[in-house]
Structures are given as structure tokens and as C-alpha cells.
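Engineer: Got a structure for you, written out below as C-alpha cells; questions coming shortly.
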Amino acid sequence: MTASSSGLRDHLGYWLRRLSDDVHGRFERQLAEHGVTVSQWAVLITVHRGDASTTREVARYVGIDAGAVSRLVDRLIAKGLMSRESDPGSRRIMRLALTEAGRDLTPRLAEIADLNDAHFFAHLDPARRLLLEDWIRGLVGEVPPDPSAPGKAQP
């Protein structure tokens, strides 16, 4: 070992992982009180907001494998929070929809998500928070969504 070797805490990736673990862990514990995981919440909120309506679209939007989304949807269906419905325009396409219970629960889960974000990031000046978000989006190759894009639900 040499004195010039960088240590664990010298790496930004270490700090990003620590922050992510803290934010995710706290949110996971809060969602568990409602019988939902963070991954299941991601599917619920994506469909609720109209950002995607098929398994493939959700997978692309959330950034996970379509097979994983399908398994998440199966669990959400078993919990009575989601359904698959035939698309009237194509028998091969199954649309995802929230059940009444899913429509009731999802906004409450979104509020928990907002409070979790506030717990970790409310101390940041709003301009700095937006700058941090822009930097992180850029690092992961994400372009900020266009809020005026047709077909997208507004918050």
C-alpha cells in the first residue's frame, strides 16, 4: 500500500452510493408500511401519471428489464392494485391500469416519496438542488423531460 493510493472515502461514487442507500432505505421502510416496495411504487407512479401504459414502456421509462416489470406487475395484480387490460386497438397489447385501490393508494405513496426527498434535500437552496439534479441527470445520460410533451400527465 502506498500513501498516494486513494481511499474509499476519496471516491465520489462511494458518497453517491451511500446517499442513494440512505434515501432508498428510508423510503423502502416507509413504503413497507403500505405493503409496497420501491420497485413496485415506481411501476404504480409511472402508470398513475400516464408516463407509460405497457410493460415494455414502463421498463424503458424506469430503466429496468421488461421481465422484471412483468413480475412486479404480477405482484401488484395479486395485491389488487393493478390490472392488465386488452388494448382495443391491438389484441397483442396489454395495457396496465390501476385498480380503484391502486388509484387511492398511489397518491399517498407519492406524498411519502415527496416527504422522503424533503427529508434529505430540503436543506439545499432550490437553485442548487436543481443544479444537482441536472448534474446527476447528465451523468446518467438522462435528458430532463419536457413538461409540455403531449400525452404526459402533469404533476
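Each reported figure results from applying straightforward, stated rules to the coordinates on display, with no laboratory input. Keep in mind the model is a prediction, meaning the values are calculated, not measured. Using ideal geometry, Cβ is built from the backbone for each residue, glycine included, and neighbour counts are taken over all protein chains shown.
Engineer: Search the structure for amide H atoms under 5 Å from the amide H of Ile93, placed 1.01 Å from N in the peptide plane, and list their residues when 5 or more places away or on another chain.
Structural biologist: Residues meeting the amide H criterion: Asp87.
Engineer: From the phi of every residue in region 137-142, what ³J(HN,Hα) in whole Hz does the Karplus formula 6.51 cos²θ - 1.76 cosθ + 1.60 yield, where θ is phi - 60° and glycine or proline is x?
Structural biologist: 4, x, 5, 8, x, 9
Engineer: Between region 88-105 and region 21-45, how many Å separate their Cα centres?
Structural biologist: Cα centres, region 88-105 to region 21-45: 21 Å.
Engineer: Want the number for Thr99 to Ser70: 0.36 nm per residue separation, take away the alpha-carbon distance, what's left? The partial results should precede the final answer.
Structural biologist: Details: separation 29, 0.36 × 29 = 10.44 nm, distance 1.67 nm.
Separation in residues times 0.36 nm, less the Cα-Cα distance, equals 8.8 nm.
Engineer: Hey, another quick one. Compute the relative contact order of the chain as a whole-number percentage, counting only Cα pairs closer than 8 Å that sit 6 or more residues apart in sequence. Write out the running numbers ahead of the final one.
Structural biologist: Numbers: 124 pairs, mean separation 32.9, N = 155.
For the chain, the relative contact order is 21 percent.
Engineer: What length, rounded to one decimal in nm, is gained on full extension from Ser83 through to Glu28, with 0.36 nm per residue of separation minus their alpha-carbon distance?
Structural biologist: On the way: separation 55, 0.36 × 55 = 19.80 nm, distance 2.31 nm.
Going from the current span to full extension adds 17.5 nm.
Engineer: Now for a separate question. How high is the FRET efficiency between Arg9 and Trp135 when r is their beta carbon distance and R₀ equals 30 Å, given to the nearest 0.05?
Structural biologist: Working: r = 20 Å, r/R0 = 0.68.
Once the sixth-power term is evaluated, E becomes 0.90.
Engineer: A further question follows. The list [x] 152; [y] 116; [z] 164 gives values of volume of the Cα convex hull per residue in Å³, and only one came from this structure; which label was calculated from it?
Structural biologist: [z]
Engineer: Be a star and scan region 42-60 for residues whose amide nitrogen sits under 19 Å from the point 7 Å along the Cα-to-Cβ vector of Arg92.
Structural biologist: Within reach of a label on Arg92: 53-60.
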